[in-house]
Every structure is written in C-alpha cells, then in structure tokens.
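Below: the structure, in structure tokens.
The values are calculated or read from the model by the stated rules, or taken from the named source; none is laboratory data. All figures in this text were calculated on a predicted structure; none of them were measured in a lab. In this analysis, Cβ positions are derived from the backbone assuming ideal geometry, glycine residues included, and neighbour counts consider all displayed protein chains.
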Amino acid sequence: MTSEAKPSDKAERGIEFSVRIRGGSFPRKKRAEAVIRRIKEVASSMVKEKRIVISPQLSELIWRRGIEKPPHILKLTIEVDEDDGVATVLPIGGDRKD
C-alpha cells in the first residue's frame, strides 16, 4: 500500500514582527490588547484576508507576562487556508494541527 501526499491548500508566510505601538505612550492596561489588534492589522494587510485568527499558542505568548508587558519582538507565521478564506497567525515553532 502506498500513501500519497495530499496537496496542501495552505500557504505560509513568515515575518518578524516588531511590536511598536503607535502614538507614543500607550495606557499600561491596554498594551496586550493593542498588540493583538496590531498583529491582526498587519496580517490582514499582508494576506488580504478579512478573517484573521490568532492561535491559542500566540495568545498565550502575548499574555504570559500580563496585560502591561507584552513582548517587544515576535516571530510569526501566517497560514492561509484558501478554501475557508481564513488566515491563522502562529508563533514560529508553534504546534500546528495538520
């Protein structure tokens, strides 16, 4: 019996994302939320998809140090599922559900 590899309908892009929140000082209690919004903005402009999903691994990485101290630099992978029209943002080295 031979197993053939199925062609994948997913495209990937890797980026190194510097989390600089625009507008100078930003309220301490809204920094992690602002990082999530900024990631979604950048991902949607890169892949031209309307629906952006943040993976649980990336969410946990951002919120690990609390709402006031999100990480400054993130290395991300954006997976685009052509069938569903959904882009998923993962940290590089994150577990994938294949």
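Couple of notes before you dig in:
- Inter-residue pairs, beta-carbon under 9 Å, first exposed (fewer than 14 other Cβ atoms within 10 Å of the Cβ) and in region 26-54, second among the hydroxyl-bearing types (Ser, Thr, Tyr) and in a helix (DSSP H, G or I), 6+ apart: 50/44; 51/44
- Number of positions in region 73-85 that are within 15 Å of residue 42 (Cβ to Cβ) and surrounded by fewer than 18 Cβ atoms within 10 Å (Cβ to Cβ): 2
- Taken over region 46-72, the residue count meeting the criterion of being within 30 Å of residue 82 (Cβ to Cβ), touching a Ser or Thr at 6+ places or on another chain (Cβ under 8 Å) and assigned to a loop (DSSP other than H, G, I, E, B) is 2.
- Residue check, residue 66 on the phi > 0 side of the Ramachandran plot and modelled with pLDDT under 90: no
- Hey, residue 64 touching a residue at least 40 places away in the same chain (Cβ under 8 Å) and surrounded by fewer than 12 Cβ atoms within 10 Å (Cβ to Cβ) or not: no
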